[in-house]
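Notes for the one structure printed next.
The values are calculated or read from the model by the stated rules, or taken from the named source; none is laboratory data. In this text the structure is predicted, and so the values were computed from the model without any measurement. Using ideal geometry, Cβ is built from the backbone for each residue, glycine included, and neighbour counts are taken over all protein chains shown. SASA here: full protein model, heavy atoms, side chains in, ligands and nucleic acids out. Shrake-Rupley method; radii C 1.70, N 1.55, O 1.52, S 1.80 Å.
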Amino acid sequence: MTPMLEVRALSTHYGAICAVDQVSLHVDPGEIVSLIGSNGAGKTSLLMTVCGSPRASGGHVLLDGQDITYLPSHHIMRRGIAVSPEGRRVFPALTVTENLQMGGFFLGKGEIQAGIEHVFELFPRLRERAVQRAGTLSGGEQQMLAIGRALMSKPRLLLLDEPTLGLAPLIIAQIFEIILTVRAEGVTVFLVEQNANKALQIADRGYVLENGHLVLEDTGANLLKNDAVRKAYLGG
Ligand code: ATP
């Protein structure tokens, strides 16, 4: 089977700093794959390099076997990848509905309406706040909006960067439920998380990144049992 996403010996540099060092991984259609690692391990850099910004300094990114490494980010998006970035980055002065419209900017009017309706079904809280400015939403609501906005482009592959960072346990549980629902609807998920426990629980497979290097790869269930992972990421 051709992986949906394949990263081959990918490197990312910021000047002399090497954030991602020849990483190879893949995500198969229908999978949830989690990438865990501590602060500064290079998770965000890897995820964003897949989206074309920053640019790779070496290696390749393939989507459905086709090289997308050097495509502009908006072309990558049109091929079916969407990202919910770290820190949510919703447009604070725009309403919830306007933020969602931005996520589907290249769709037709009818498709945008249908997309918004779909997001509101997934996140009833957002429907209640449809005309509220995004900057006044709670952290959890902003995260829901960031995921909803990413889903507006009808991606086949959803990239999520730390979707539960700083959120209350109840909201975290809701976000992970939504990730499972989205996958059940046919979207493949690549998840970057510091919340290793939950991220590995819902993952088919996982990777562990340390200082820009991949150090482990296994099923989510096996990584949860792995001694080194337990010690470093699961509090013993
Ligand atoms: P976090 O969970 O804290 O976001 P991370 O695993 O996502 O961490 P990155 O944000 O990818 O890690 O950072 C990897 C390394 O690259 C770090 O050493 C960081 O300081 C460096 N780095 C990230 N972005 C930049 C940048 N724009 N300019 C220079 N260095 C950067």
Determine the pairs where a residue that is under 19 Å from Val192 (Cβ atoms) and in contact (Cβ under 8 Å) with a residue 60 or more places away in the chain, located within the stretch 51-75, has a partner that is open to solvent by 20 Å² or more (accessible area, probe 1.4 Å) and of a type in the set (A, V, I, L, M) with Cβ atoms under 6 Å apart, the partner being 6 or more residues away or on another chain.
Cys51/Val83
Just to verify a result, which residue in the stretch 157-179, among those that are in contact (Cβ under 8 Å) with a residue 60 or more places away in the chain and more than 16 Å from the ligand (Cβ to nearest atom), is nearest to the chain's Cα centre (by Cα)?
Leu158
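Here is a list: Gly30, Gly104, Gly87. Which entry is open to solvent by 20 Å² or more (accessible area, probe 1.4 Å) and modelled with pLDDT under 95?
Working: Gly30 fails: modelled with pLDDT under 95; Gly104 fails: open to solvent by 20 Å² or more (accessible area, probe 1.4 Å).
Among Gly30, Gly104, Gly87, only Gly87 is open to solvent by 20 Å² or more (accessible area, probe 1.4 Å) and modelled with pLDDT under 95.
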Subset tally (residues that are in contact with a helix residue (DSSP H, G or I) (Cβ under 7 Å, 6 or more places away or on another chain), closer than 24 Å to Val229 by Cβ, in a strand (DSSP E or B) and within 16 Å of the ligand (Cβ to nearest atom)) for the stretch 21-68:
4
Quick one: how many residues across the stretch 113-131 are open to solvent by 30 Å² or more (accessible area, probe 1.4 Å) and either of a type in the set (A, V, I, L, M) or under 25 Å from Lys43 (Cβ atoms) (or both)?
2
Could you list, in sequence order, the residues of the stretch 202-222 that are among the aliphatic types (A, V, I, L, M) and free of Cβ contacts under 8 Å to residues at least 60 places away in the same chain?
Val215, Leu216, Ala221
For the stretch 163-186, state whether one or more residues are within 23 Å of Ser73 (Cβ to Cβ), at pLDDT 95 or above and open to solvent by 10 Å² or more (accessible area, probe 1.4 Å).
no
Say whether the condition of being more than 20 Å from Arg89 (Cβ to Cβ) and within 16 Å of the ligand (Cβ to nearest atom) is met by at least one residue in the stretch 184-196.
yes
